[in-house]
Amino acid sequence: MVLDSIKEVDAPLSRYLNWNIFEPFFGYIKHLEIGIGNGEYLVNNAKVKSKEIFYGIEYNPKYYRKGLLRAQKANVNNVFLICSEAKTFLNLIVPDNVFDFIHINFPDPWPKKRHLRRRLVDKEFAKDLYRVLKPKGVIYIASDFYEYFLNIVSILELNGFVKSYFGNSPYPERLFKTKYEKRFENKGIPLFYAILKKNIDKEFSM
């Protein structure tokens with residue numbers, strides 16, 4: 001089934017697609033990982049949570065192919081991989097209230113001032129994250145860049161989310177590590193983790 005659940009989407013073409021081609025399963029717990037890298041984190045989680053559905057978006061074709069190969073070798077049947085730019089895909093394709101959990105692992109911090117506009121999480125993206133999460137939806141954040149980590153958490157809190165975890169140690173729900181997470185730990189680089197929940201009781205400006 002994994003071969004039938006692989007979708008490669010050119011971001012500019014996303015506007016012509018319908019989410020239904022990505023969601024043959026209704027009533028299941030659904031995860032989304034934004035930026036899957038080599039797919040290690042996504043596939044490992046999918047293997048131990050075989051009754052849940054895992055979607056992964058990766059913009060870089062090289063890493064997407066690595067994730068694709070890993071999913072095929074693992075023979076998982078609950079993984080959907082999408083090669084597309086995340087902001088475009090979420091904004092144009094994904095309907096409201098789809099995902100139970102969203103995972104954002106070590107997004108590129110783009111530390112230079114002239115590159116800040118390239119960062120993944122901004123106000124508009126936070127609105128889409130809020131929209132596509134179910135009412136009790138959760139976002140898991142992991143980062144090695146403290147300034148950007150704080151920035152992400154701040155943006156999400158201003159756009160309908162509330163912190164339930166914030167610290168230097170992985171939260172208990174984190175069963176696996178990414179490739180970069182292991183590398184950072186081996187080098188002694190501090191890591192930062194947060195959990196934010198969709199706050200349906202708090203009004204905020206859309």
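Under the condition of being among the aromatic types (F, W, Y) and either modelled with pLDDT under 95 or farther than 26 Å from E40 by Cα (or both), the residues counted in segment 107-129 number 1.
The number of residues in segment 79-111 that are polar (S, T, N, Q), buried (at least 17 other Cβ atoms within 10 Å of the Cβ) and without any contact (Cβ under 8 Å) to a residue 60 or more places away in the chain comes to 1. Could you tell me whether segment 146-168 includes any residue that is of a type outside the set (S, T, Y), farther than 19 Å from N97 by Cα, in contact with a Leu (Cβ under 8 Å, 6 or more places away or on another chain) and without any contact (Cβ under 8 Å) to a residue 40 or more places away in the chain? Yes, there is a match, as at least one residue in segment 146-168 is of a type outside the set (S, T, Y), farther than 19 Å from N97 by Cα, in contact with a Leu (Cβ under 8 Å, 6 or more places away or on another chain) and without any contact (Cβ under 8 Å) to a residue 40 or more places away in the chain.
Screening Y180, Y165 for residues that are in a strand (DSSP E or B), over 17 Å from L32 (Cβ atoms) and not charged (D, E, K, R) leaves exactly one candidate, Y165. Scanning for something more than 29 Å from S164 (Cβ to Cβ), within 14 Å of the chain's Cα centre (by Cα) and not charged (D, E, K, R), does segment 71-86 turn up at least one residue? Yes, segment 71-86 has at least one match.
The values are calculated or read from the model by the stated rules, or taken from the named source; none is laboratory data. Note that the coordinates shown come from a computational prediction; the quantities given were computed from them, not determined experimentally. Glycine gets a Cβ as well: all are built from the backbone with ideal geometry, and neighbour counts include every protein chain shown.
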